[in-house]
1. Just checking, how many residues over the stretch 11-32 are crowded, with 17+ Cβ neighbours inside 10 Å, of a type in the set (Val, Ile, Thr) and not in a loop (DSSP other than H, G, I, E, B)?
2. Please find, among ALA53, ALA96, the residue that is over 22 Å from SER115 (Cα atoms), part of a loop (DSSP other than H, G, I, E, B) and either among the aliphatic types (A, V, I, L, M) or open to solvent by 20 Å² or more (accessible area, probe 1.4 Å) (or both).
3. For the stretch 68-90, give me the residue count where each residue is assigned to a strand (DSSP E or B) and over 11 Å from the mean Cα position of the chain (by Cα).
4. Please work out which one of (1) over 12 Å from the mean Cα position of the chain (by Cα); (2) at pLDDT 95 or above; (3) assigned to a loop (DSSP other than H, G, I, E, B) is the condition VAL63 fails and give its number.
5. Go through the residues of the stretch 34-46 one by one and say whether even a single one is surrounded by 15 or more Cβ atoms within 10 Å (Cβ to Cβ) and in contact with a Gly (Cβ under 6 Å, 6 or more places away or on another chain).
6. Pairs only if they're at least six apart or on different chains, beta carbon under 9 angstrom, first in the stretch 69-92 and closer than 22 Å to GLN44 by Cβ, second modelled with pLDDT under 95 and among the polar types (S, T, N, Q); list them, first residue then second.
7. For residues in the stretch 27-60 being of a type in the set (Asp, Glu) and closer than 14 Å to VAL78 by Cβ, which is farthest from the chain's Cα centre (by Cα)?
Amino acid sequence: QVQLVESGGGLVQAGGSRRLSCVASGIIFVGATMDWYRQAPGKQREFVATITARDNTVYADSVKGRFTISRDNIKNTVYLQMNSLKPEDTAVYYCAARLGGMHSWGKGTLVTVSS
């Protein structure tokens, strides 16, 4: 059974930084594509960033240049380094794993950016 556990959320001032972590278990992590999504209050969940098994990355335009996704295949962990945070980055951030036909989600971690 795949389990994804996010951490690192909290309250941060605009312009600040935060690093989110997602630890995966029950999955061949090294072969998985890992994603970060977010859902702001009253809005639909949206794509933030992805990193493939070969370390190829893609970012949403709204975070490009400010956020960095990375992975540690020894620790089975994917990270999201968030810099220059804006109030509109306030959301619950979800980690997701994709491998073959499997697509699993974590329960999310809340990031609140104050102005």
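The values are calculated or read from the model by the stated rules, or taken from the named source; none is laboratory data. Worth saying up front: this structure is predicted, and the values here are computed from it rather than measured. Ideal geometry is used to build each Cβ from the backbone, glycine not excepted, and the neighbour counts take in all protein chains shown. Just the protein is used for accessible areas: all its heavy atoms, side chains included, with ligands, DNA and RNA removed. Shrake-Rupley method; radii C 1.70, N 1.55, O 1.52, S 1.80 Å.
1. 2
2. Answer to the selection: ALA53.
3. 1
4. (1)
5. No, the stretch 34-46 has no match at all.
6. LYS86/SER115; PRO87/SER115
7. ASP55
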